[in-house]
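Just so it is clear, none of the values below were taken in a lab; they were calculated from the coordinates. Note that the coordinates shown come from a computational prediction; the quantities given were computed from them, not determined experimentally. So basically every Cβ, Gly included, is an ideal-geometry build from the backbone, and we count neighbours across all protein chains shown.
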Amino acid sequence: MVNIDAAGHVTGRSLYLDDLPLLEGTLFAKIYDSPVAHGTVRRLDWSAAARVPGVVRIFSCKDIPGHNNIGGIIPDEPLLAEDTVIFAGQPLLLVVAENEDAAEAALKLIVTEIDPLPVITNPREAYAQGLLLCGSRHFEKGSVASAFATCAHVFEGRAETGGQEHLYLETHGAYAQPLEGDRIRVWSSTQGLRHVQETVAHLLGRGMHSVEVDVTRLGGGFGGKEDQAAMWAAMAALAVYHLHRPVKCVPHRMEDMRMSGKRNPYHCDYRIGLDADDRIVAFEATYYQNGGAAADLSPAIQERTLFHGTNTYGIEHVSLTTHSCRTNLPPNTAFRGFGGPQGMFMIEAAIDHAARALGMPVCDLQRRNLMTDGYEFSYGQVVQRCRAERCWEEAAETFRLETTRERVASFNEANTWQKKGLALMPICFGISFTNTMMNQARALIHIYWDGSVSVSTGAVEMGQGVNTKMLQAAAGALGIARNRIRLESTNTTRVANTSPSAASATADLNGRAVEEACRQLMARLRGVARILLGEGDDSEISIREERVYANGIATDLLWEALVRDAFMKRVNLSAKGHYATPEIHFDKTKEKGHPFAYHVYGTAITEVTVDCLRGTYVVDGVQVVHDFGSSINPLIDLGQCEGGIVQGIGWMTMEEVVYNEQGRLLSNALSTYKIPDIYSVPRTLDVRFLAPEPDPLAIQGSKAVGEPPLMYGIGAYFALRDAALAFNPKAVLPYSAPMTPEKVLMGLYQKQ
Ligand code: MTE
Ligand code: HPA
Ligand code: MOS
């Protein structure tokens with residue numbers, strides 16, 4: 001089935017927040033943000049700004065009627081700074097005007113004097129000074145200390161990954177409207193409606209019932225709008241509270257880039273131990289997460305780093321520790337993979353290190369150590385239905401890995417200035433929010449008495465195709481045509497207490513809730529059908545293609561007639577479904593449990609060619625065997641794979657978030673921050689489906705697909721390193737992503 005949004009997107013008819021027709025009397029809000037990363041605010045003077053014609057009012061922290069904090073996990077981040085600023089880009093004032101031009105003119109007239117305080121941008125430095133955002137975490141299995149003593153080979157080193165700007169096509173934004181009786185409606189570009197709703201309520205000192213949040217769709221979120229959308233909504237709502245007029249707060253691209261957090265950069269110290277048979281016996285890692293100036297989602301992100309610290313490898317002795325470090329950068333946040341990719345990069349670096357030191361092909365060491373059924377992760381969950389080896393073997397066979405290896409080797413022999421590199425990237429990603437409580441969802445379904453159907457869920461459509469999947473789930477469960485069903489906007493008054501659309505779990509959670517609501521409706525409709533058909537109690541009634549079947553035999557009763565009759569009989573044609581993932585649990589005091597409903601597997605083979613004179617490169621191909629379960633929508637799922645892979649390659653190769661020592665973002669526009677375009681997409685991008693094997697806890701057996709493919713992109717880093725070392729085995733290439741052309745070139749020719 002084609003994505004239901006496809007036609008709207010290509011014809012420009014799909015509506016985003018900025019397309020909402022302006023309400024009469026709408027005002028525009030602009031944020032005045034701190035120009036310095038750390039300091040004491042001595043003077044903040046907006047008197048001249050307030051006199052700009054069109055400016056209605058300028059708000060500071062003193063105007064907040066409720067609580068001035070917006071942190072989702074830890075309430076440590078003020079909406080508007082008070083007497084200290086902790087990152088450049090931190091909001092200080094909110095200017096509200098009749099139009100954007102007036103608001104922007106006013107921003108230029110605000111005068112600040114801020115006494116500078118020391119700025120820290122490096123997480124190791126923050127750690128050394130004891131600056132942490134929350135408690136450190138530690139996962140342990142076996143005993144690394146005694147295991148290392150028995151190892152034939154032990155290698156240790158450092159690795160690091162950089163940040164990543166979300167660069168959703170649609171920036172952040174919110175549009176708030178006063179409703180009668182002190183209520184406020186907020187249209188928000190958010191993945192997490194509940195967080196927006198409770199942040200606004202908390203800020204205004206009101207109950208959540210006085211705030212309605214509505215989302216039609218996002219032009220991308222990628223984790224950046226999981227929690228951080230709340231800030232923009234809170235700003236708009238604050239102005240509505242005081243001015244009783246509709247207020248729109250939508251940043252320009254550079255404002256969005258400057259004020260919002262990004263993927264957490266990580267530093268890591270690792271130690272890996274192998275026995276004489278090249279089995280990885282022990283792995284130890286300490287991760288220094290760059291959290292930025294406030295906790296945001298970093299405490300949860302560090303947890304997922306631990307869950308994925310050993311990727312797909314079966315290692316008996318494991319010790320992993322994370323420190324969430326407080327720096328003077330915008331609070332970093334969720335980004336596709338949620339700390340998992342960072343953890344996986346580190347163990348791949350350690351394996352690359354070990355294999356090269358031992359003079360063996362990296363992929364042989366990886367293959368030898370893939371986990372199998374019955375392996376117990378450091379967090380206590382036992383691997384079931386493991387597909388690590390199957391994906392690897394199928395990729396090796398389908399894409400003729402041996403032939404590719406030979407071809408790359410002979411290419412490198414024949415060419416002096418061009419070198420090819422090859423890398424394999426196996427993945428294993430846990431599906432479920434790591435916070436068990438969040439694994440719940442609801443759906444509300446109305447069957448109108450003409451037979452058409454309205455479906456509301458807690459899912460947010462952000463390009464990943466979840467609405468199409470919801471529609472498929474409802475159509476399948478009710479046995480009716482898809483064009484009878486409409487997906488409504490996501491709204492807190494119809495579906496309450498939503499978890500964010502995140503963790504790749506949106507379709508699983510909300511789809512199951514849709515199925516549950518449909519089950520209730522079907523039970524009622526079957527009762528009506530029995531009466532209409534004069535069938536006995538034990539006859540089996542089903543609906544297929546809009547027709548009622550009794551004991552598998554087609555009847556003359558059609559959907560519309562059945563629904564009309566049910567209504568005449570005063571049968572309830574609305575239902576609410578609730579789903580909570582069964583079986584999962586996790587005990588944080590022991591750091592053990594069974595946190596994931598299931599794992600997703602796959603293997604990617606990446607081939608690159610480096611121009612060793614210039615340091616430039618192309619990604620020739622990424623060939624993947626991916627475990628989709630039994631895909632509910634192969635076209636959408638393939639799109640998720642392709643998009644995720646390209647985004648992962650971008651993170652690993654060209655996207656470089658750069659702050660200077662004063663904590664100012666230098667890569668603050670599309671001229672200085674490069675994301676992959678169509679020309680940097682691999683020449684070959686071939687994703688094959690592992691033979692379908694439905695997972696019982698996935699929606700209709702279709703495994704979650706949103707985040708896992710991003711991690712195939714890590715293969716591009718190691719393939720580039722492989723190519724560079726083919727040119728100069730002594731090239732200086734520390735494990736530091738992204739592998740930009742500059743780094744390749746400098747590394748190739750650096751004297752040791
Ligand atoms: N795909 C598109 N087109 N746009 C997005 O913003 N977000 C990703 C992924 N794929 C995203 C996307 C992220 S970070 C997640 S967690 C999942 O989609 C969320 O949706 P799902 O749970 O329905 O997979
Ligand atoms: N993944 C993504 N987002 C989240 C998670 C998670 O595990 N936990 C809280 N937000
Ligand atoms: Mo995705 S990082 O879980 O929004």
**Message:** Run the simple label-point estimate for residue 24 and residue 269 please: 7 Å along Cα→C-beta, distance reported in nm.
**Reply:** 6.7
**Asked** When the Cα centres of segment 618-670 and segment 427-481 are compared, how far apart do they sit, in Å?
**Response** 26
**Item:** Selection from 289, 740, 319 lying farthest towards where the dipole of the chain points positive, charges on Cβ
**Value:** 289
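Taking 41 Å as R0, compute the FRET efficiency from the Cβ-Cβ separation of residue 146 and residue 662 and round it to 0.05.
On the way: r = 47 Å, r/R0 = 1.14.
Calculated value: 0.30.
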**Of 542, 644, 501, farthest towards positive along the dipole that unit charges on Lys, Arg, Asp, Glu beta carbons give the chain** = 501
**Complete:** The aspartates and glutamates whose Cα lies under 17 Å from the Cα of residue 419, excluding any fewer than 8 residues away in the same chain, are 406, 607, 611, 620, 722, 742
**Asked** Across segment 733-747, in residue order, what do the Karplus-derived ³J(HN,Hα) couplings come to in whole Hz, using 6.51 cos²θ - 1.76 cosθ + 1.60 with θ = phi - 60° and x for Gly and Pro?
**Response** 9, x, 6, 9, 9, x, 8, 6, x, 4, 5, 4, 4, 4, x
**Asked** How large is ³J(HN,Hα) for each residue in segment 488-498, as worked out from phi by the Karplus curve 6.51 cos²θ - 1.76 cosθ + 1.60 (θ = phi - 60°), to whole Hz, x for Gly and Pro?
**Response** 7, 5, 8, 9, 5, 7, 9, 10, 9, 6, 6
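Can you order the peptides 409-421, 136-148, 347-359 by their average number of other Cβ atoms within 10 Å per residue, highest first? Present the calculation step by step, with values, prior to reporting the outcome.
On the way: 409-421: 14.9, 136-148: 16.8, 347-359: 19.9.
Order by mean packing, descending: 347-359, 136-148, 409-421.
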**Distance between segment 248-287 and segment 5-54 - C-alpha centres, whole angstrom** = 32
**Fill in**
If amide H atoms are modeled at 1.01 Å from N in the peptide plane, then the residues at a separation of 5 or more from residue 99, or on another chain, having amide H under 5 Å from its own are 28
**Message:** Given the options 395, 211, 428, identify the residue whose Cα lies farthest towards the positive end of the charge dipole of the chain (+1 on Cβ of Lys, Arg; -1 on Cβ of Asp, Glu).
**Reply:** 211
**Request:** Evaluate the relative contact order of segment 23-145 (contact order divided by residue number), counting alpha-carbon pairs under 8 angstrom at least 6 apart; express in whole percent.
**Result:** 39
**Item:** In sequence order, calculated HN-Hα J values of segment 94-101 (Karplus, 6.51, -1.76, 1.60; Hz; x Gly/Pro)
**Value:** 10, 9, 10, 9, 5, 8, 5, 4
**Fill in**
Counting sequence-distant residues (5 or more places) and residues on other chains, those with an amide H built under 5 Å from that of residue 84 are 41
**Message:** Helix-only estimate, please: 222 nm mean residue ellipticity of the chain, summing -39500 (n - 2.57) across DSSP H runs of length 4 or more and dividing by its residues, to the nearest 500.
**Reply:** -9000 deg cm²/dmol
**Prompt:** Taking amide H positions as placed 1.01 Å from N in the peptide plane, with prolines and chain starts having none, which residues 5 or more places from residue 313, or on another chain, fall under 5 Å of its amide H?
**Reply:** 371
**Asked** Which FRET efficiency value, to the nearest 0.05, is calculated for residue 254 and residue 486 with the Förster distance at 41 angstrom and r the Cβ-Cβ distance?
**Response** 0.65
**Item:** Listed pairs 225/469; 703/743; 248/469 exceeding 28 Å between Cα atoms
**Value:** 703/743; 248/469
**Request:** Please check which bits of segment 547-587 a label hung off residue 539 would reach, taking the label as a point 7 Å along Cα-to-C-beta and the cut-off as backbone N under 17 Å.
**Result:** 547-559, 561-563, 565-566
**Asked** Relative contact order for segment 581-672 using alpha-carbon pairs under 8 Å, separation at least 6, rounded to a whole percent?
**Response** 14
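Mind checking the dipole of the chain: about its Cα centre, +1 per Lys or Arg Cβ, -1 per Asp or Glu Cβ, Debye to the nearest 20? Walk me through the numbers on the way to the answer.
Working: 70 positive and 86 negative charges, 108 e Å.
In debye, rounded to 20, the chain gives about 520.
In debye, nearest 20: dipole of segment 397-474 around its Cα centre with unit charges on the Cβ of K, R (+) and D, E (-)? Can you show the working numbers first?
Working: 7 positive and 6 negative charges, 43 e Å.
Charge dipole of segment 397-474: 200 debye, to the nearest 20.
Report the antiparallel proportion of the DSSP beta bridges in segment 566-697 as a percent, rounded to a multiple of 5. Kindly include the intermediate steps, with their values, before the conclusion.
Values: 13 of 19 bridges.
Among the beta bridges of segment 566-697, antiparallel pairing accounts for roughly 70 percent.
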**Request:** Could you tell me what percent of the DSSP beta bridges with both partners in the chain are antiparallel, to the nearest 5?
**Result:** 80
